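Worksheet: one structure, shown below.
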Amino acid sequence: MKTKTPDDNTIGIWYGIVAYSLWGVLPLYWKLLITVSPLQILAHRIIWSFIFMILIMVATRGGKTLTIVLADKNRLFYMFLCGLLISVNWFTYIYAVNTNQVIEASMGYFINPLVVVLLGVTVLKEKLTRWQLIALILAAIGVLIITTQHGRMPWIAIFLASTFAAYGLIKKMAKVDSITGLTLETFIVMPISLIYLLSLEAQGTGAMGTAPLSIKLILAGAGIVTATPLILFARGVEKTTFSMIGFLQYIAPTLSLLLGIFVFREHFSTTHLISFCFIWVALIIFTLANVGLLKEAEPILLDK
């Protein structure tokens, strides 16, 4: 394995910061499409992402890797599952943004790392340490508080966290690089998206036929805003440590939370604050344990 130099590490950190910052301010982009239905935005995002990824594959000469994955039935099946999961995740996020639920969406990505741990324990039979268990319990308390006070489960947060965690789990099992993976994932769901959009255009309700030029351009740009942070993230992972990437991942939901409160003026109650505090403490414990700053305890669950 190639040793990361200090310069590489610094460059990698900046790649990560920019990638997560772009993900964090993505609600601003989807808000520009408030007049378009979330399902139609999703369909355009899939199609334009696929087109953009094909261009990247050609530019980077990634056809050989693509051919190898296509010849592997198991990995192709994993890519099919990833395509479905990321489509559901994207739709949920777009729906949350355009129905003024950005704060709840940010909660989903705050608890996502903890859901990843839970999946690792239940699906991959990984060992759970005491610190991880404490973090999971605190996060669960945070979700329970907001559920009790508001009389409903924060379904958007839970759905975003679980679908993205499951997506990451399957990507880990598939062992496919980000560019090849996203190309295949969008390709798999692209025909459905294309049929849906063509049916809308035939009925005269499609955005490409009725919306202003500015909206059409923003829809077409969905491919770029989807792929760009992913590529930057992949470069960051290559050049810096995974622990550092673990620290940086909280940039995105933090920016989204701030947008929800101060830009979109969504209601942020004392209950929200208390709930988020439990989740933030859980994340601090989880992160410190991950980088070795908390004494490692013996695994206590699922070591069978």
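The values are calculated or read from the model by the stated rules, or taken from the named source; none is laboratory data. Predicted, not measured: the structure shown is a model, and the values here were computed from it. Note: ideal-geometry Cβ built from the backbone for every residue, glycine included; neighbour counts use all protein chains shown.
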With a cut-off of at least 2 residues that are among the hydroxyl-bearing types (Ser, Thr, Tyr), name the helices (runs of 4 or more DSSP H) lying wholly within segment 113-227. 130-150, 155-174, 178-203
For helices (runs of 4 or more DSSP H) lying entirely in segment 1-102, having 1 or more residues that are over 30 Å from Ile261 (Cβ atoms) and of a type in the set (Phe, Trp, Tyr) picks out 38-60, 73-98
Report yes if some residue within segment 165-173 is over 30 Å from Leu293 (Cβ atoms) and either surrounded by fewer than 18 Cβ atoms within 10 Å (Cβ to Cβ) or not small (Gly, Ala, Ser) (or both); otherwise report no. yes
Which numbered condition trips up Leu213, out of (1) surrounded by fewer than 17 Cβ atoms within 10 Å (Cβ to Cβ); (2) touching a residue at least 60 places away in the same chain (Cβ under 8 Å); (3) more than 16 Å from Ser49 (Cα to Cα)? (2)
Test: residue in segment 274-284 that is free of Cβ contacts under 8 Å to residues at least 24 places away in the same chain, more than 18 Å from the chain's Cα centre (by Cα) and surrounded by fewer than 13 Cβ atoms within 10 Å (Cβ to Cβ): no
Flag if Ala59 is in contact with a helix residue (DSSP H, G or I) (Cβ under 7 Å, 6 or more places away or on another chain), among the hydrophobic types (A, V, I, L, M, F, W, C) and over 21 Å from Lys171 (Cβ atoms): no
Name the pairs whose Cβ atoms lie under 7 Å apart, with the first residue in segment 162-190 and under 17 Å from Gly63 (Cα atoms), the second modelled with pLDDT under 90 and of a type in the set (Lys, Arg), and 6 or more positions between them or separate chains? Gly181/Lys171
